[in-house]
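Worksheet: one structure, shown below.
The values are calculated or read from the model by the stated rules, or taken from the named source; none is laboratory data. Quantities reported herein were computed from a predicted structural model and do not represent experimental measurements. So basically every Cβ, Gly included, is an ideal-geometry build from the backbone, and we count neighbours across all protein chains shown. To get the accessible areas, we keep the full protein, side chains included, count just its heavy atoms, and leave off ligands, DNA and RNA. Shrake-Rupley method; radii C 1.70, N 1.55, O 1.52, S 1.80 Å.
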Amino acid sequence: MNRFRVLFYSLTALLSVILVLYGLNVFPTPGTDSRVFIPAALLYAQGFGLINPLYDVSVVGVATDIHNAVKFNYYVPFFPMLLGTLAKVQPGIKTIFFVCSMFSIAGLFLYCRAIASVLPVQPTRAIKALVLCSLAYVATYLIPTIGRPENLTVLLVFMIYILYDRRYELNPLLYNLLICIIFGVMFATQIICFYFCFIFFLIFELLNAHDLFKTVVINTGRFGAIVLLFIAILSASPHGCEDTIATIRLHASSAMTRSDRSAKLFIHYWLFSQLNFGFLVLFILCTGFYIRTLIEKLGDAKKMKVIMVLALQLMVLYGMARFILYASPTVYNATQFILPLSVYLFLNIISLPKSYLKTTVYSASVLTYIAGAFVFLRVLILFIDYKTDKKDYAAARPIINRLVQNNRNVYITVNLWPLVDNASNVKFFDGVHLKKDDTLIIQQMYLPFANEFLSKCTIIYDWRTEEKRKFLGIPLTNTPQGYSFTVCRVN
């Protein structure tokens with residue numbers, strides 16, 4: 001093994017250790033969507049069933065739980081069920097996010113292996129720079145505390161990619177069994193992910209088909225097996241298949257009415273978001289190569305193959321508009337394909353002959369990867385600051401639980417929920433409704449203590465820290481990254 005490969009594998013191992021540390025330290029602070037899935041996993045691990053008292057679907061105008069039993073039945077259940085099952089060994093938030101970090105590490109090592117298998121024997125300095133920076137870049141997509149099903153589907157999508165790439169090396173029965181199982185699990189984890197992944201799978205099946213009829217028959221059988229497994233998983237969940245599907249439809253009909261989209265939001269989420277910095281650049285480059293692949297494969301294809309591929313491509317375009325572009329923050333429905341996209345991009349770059357096009361594509365890719373690597377480094381520095389500052393999860397948790405248990409009228413801001421041991425004790429402060437003697441716990445990171453509260457409240461406990469964080473004099477953020485907070489009582 002040459003020195004570069006040793007460096008490549010060593011960097012993968014180092015990034016994996018960092019992801020584990022993030023999971024065990026519950027860093028970065030879990031985002032808003034995490035309270036949709038992680039409390040259900042935690043309570044399932046604790047033996048309370050698949051419920052979630054912290055997320056009321058009626059807040060989006062849909063009553064999916066008329067009996068007020070706080071059921072987790074408004075989303076496909078596999079992700080929280082799997083996390084909850086694995087966390088039964090030692091139920092707790094840290095265990096949950098440690099499991100999430102294991103999914104992230106598995107994806108990172110598979111990515112490392114996939115890239116290593118196609119590296120030239122003597123890679124140029126340009127290629128070395130590309131693949132090393134890409135490792136740190138994709139790691140930003142694998143932060144375990146994202147708390148959404150994409151933490152798992154990123155891995156599942158890449159497993160499908162790897163299996164398809166090695167379809168001729170595996171026993172046909174084993175290959176089909178693995179494909180159906182992974183797709184079935186994916187379907188029961190994130191429906192939109194399955195929609196796109198299965199359509200692209202079919203497109204490449206058709207593009208590479210020698211016998212079109214046989215390919216259609218085989219994939220019809222696969223789809224039937226996948227649907228059966230999907231139904232079996234939902235039926236085995238605590239709330240059953242019929243109830244879950246009905247409430248998913250209600251929830252989805254409301255969620256699809258989101259209006260949080262604009263040019264400004266699109267640019268933020270597709271280019272500058274910390275979790276997927278510069279994704280638009282890679283997406284555009286891969287789309288260009290994909291269109292080239294379609295043109296090459298369909299150039300002399302039979303009319304029926306062309307029609308079928310184009311029909312599936314129309315489904316992709318419809319899905320893009322319907323499930324990804326309908327709201328800017330839902331870019332996560334596209335970014336969960338980051339691992340196969342990055343490998344696909346790398347393969348196309350090294351296959352290009354020396355030309356202006358290759359230089360342009362390489363430059364755009366490596367600049368994006370370098371910028372993303374710096375984003376990962378920034379998060380790492382903030383993690384060190386988080387631990388040094390002592391305003392971390394381990395220090396905040398006993399303080400918050402003591403406050404919550406000793407007062408029935410305690411209201412917390414939403415991102416403090418992971419600190420509360422008993423989910424039934426959590427009551428969220430909406431920033432509007434205040435009653436005399438209510439106790440408010442306001443997290444500093446997402447909601448600094450507003451001046452208007454000063455005349456309405458009395459600070460009874462101040463656990464804040466310095467607002468702006470710097471490294472070697474360079475500003476990193478205007479808000480602390482820990483669990484610092486202010487406790488106040490309404491006058």
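Among the residues making up the stretch 144-165, a single one is open to solvent by 10 Å² or more (accessible area, probe 1.4 Å) and not in a helix (DSSP H, G or I): Arg148.
With respect to Thr360, determine if the residue is touching a residue at least 24 places away in the same chain (Cβ under 8 Å), out of contact with any His (no Cβ under 7 Å at 6 or more places or on another chain) and open to solvent by less than 70 Å² (accessible area, probe 1.4 Å). No; evaluated as a whole, the condition is false for this residue. Among the conditions (1) surrounded by fewer than 16 Cβ atoms within 10 Å (Cβ to Cβ); (2) closer than 30 Å to Ile474 by Cα; (3) under 19 Å from the mean Cα position of the chain (by Cα), Gly278 misses just one, which is (1).
Do we find that Tyr269 is at negative phi and open to solvent by less than 70 Å² (accessible area, probe 1.4 Å) in this structure?
Against the criterion (at negative phi and open to solvent by less than 70 Å² (accessible area, probe 1.4 Å)), Tyr269 qualifies.
Take the conditions (1) more than 22 Å from Lys94 (Cβ to Cβ); (2) in a loop (DSSP other than H, G, I, E, B); Lys391 misses just one of them, which is (1).
Of Phe337, Phe374, all but one fail to be surrounded by fewer than 18 Cβ atoms within 10 Å (Cβ to Cβ) and of a type outside the set (D, E, K, R); the exception is Phe374. Taking the stretch 404-450 as the search range and keeping residues that are of a type in the set (Asp, Glu) and open to solvent by 20 Å² or more (accessible area, probe 1.4 Å), which one is modelled with the lowest pLDDT? Ranking the qualifying residues of the stretch 404-450, first place goes to Asp430.
Scan the stretch 103-119 and tell me whether some residue there is without any contact (Cβ under 8 Å) to a residue 60 or more places away in the chain and either among the polar types (S, T, N, Q) or crowded, with 19+ Cβ neighbours inside 10 Å (or both). It would help to see each step written out before you state the result.
Applying the first criterion (without any contact (Cβ under 8 Å) to a residue 60 or more places away in the chain) to the stretch 103-119 yields 103, 106, 113, 117.
Add one more test, that the residue is either among the polar types (S, T, N, Q) or crowded, with 19+ Cβ neighbours inside 10 Å (or both), and what stays is 103, 117.
Yes, the stretch 103-119 has at least one match.
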